[in-house]
């Protein structure tokens, strides 16, 4: 499902216009992105938790040349599904 299909589904389920559903989805994405950029986490009970994790620096290998390269430490977004979401997917 892509963003357009998700917007259509939200509009149908919530009985609102597609434009309103698109604005709501955009607002949700911007809010979660902003919270993660500030180092916060977003917990939606039953659905899951969006958070930021630290990934340590590590040594890698260039697949073309085979030379060793240093991969710097980074912060990466992560999602941990909640129990209700896990149960819904496994039923």
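The values are calculated or read from the model by the stated rules, or taken from the named source; none is laboratory data. None of the values given here were measured: they were computed from a predicted structure. With ideal geometry, Cβ positions are generated from the backbone for all residues, glycine too; neighbour counts draw on all protein chains shown.
For segment 46-59, the criterion of being within 19 Å of the chain's Cα centre (by Cα), closer than 25 Å to residue 83 by Cα, surrounded by 13 or more Cβ atoms within 10 Å (Cβ to Cβ) and not assigned by TED's automatic domain parsing to the domain that holds residue 75 is met by none of the residues.
So which residues in segment 1-20 are surrounded by 12 or more Cβ atoms within 10 Å (Cβ to Cβ) and either assigned to a helix (DSSP H, G or I) or at positive phi (or both)? Quick ask: steps written out before the conclusion?
Narrowing segment 1-20 to residues surrounded by 12 or more Cβ atoms within 10 Å (Cβ to Cβ): 6-11, 16, 18, 20.
6, 7, 8, 9, 10, 11, 18, 20 - these are the residues of segment 1-20 that are surrounded by 12 or more Cβ atoms within 10 Å (Cβ to Cβ) and either assigned to a helix (DSSP H, G or I) or at positive phi (or both).
Of everything listed in (1) surrounded by 11 or more Cβ atoms within 10 Å (Cβ to Cβ); (2) outside any helix (DSSP H, G or I), the single unmet condition for residue 65 is (1).
Residue count for segment 29-45, restricted to those that are touching a residue at least 24 places away in the same chain (Cβ under 8 Å) and either surrounded by 12 or more Cβ atoms within 10 Å (Cβ to Cβ) or in a strand (DSSP E or B) (or both): 2. None of 41, 64 is at pLDDT 95 or above and either in contact with a strand residue (DSSP E or B) (Cβ under 6 Å, 6 or more places away or on another chain) or not assigned by TED's automatic domain parsing to the domain that holds residue 2 (or both) except 41. Is it true that residue 84 is in the same structural domain as residue 6 (by TED's automatic domain parsing), within 20 Å of the chain's Cα centre (by Cα), touching a residue at least 12 places away in the same chain (Cβ under 8 Å) and surrounded by 12 or more Cβ atoms within 10 Å (Cβ to Cβ)? No.
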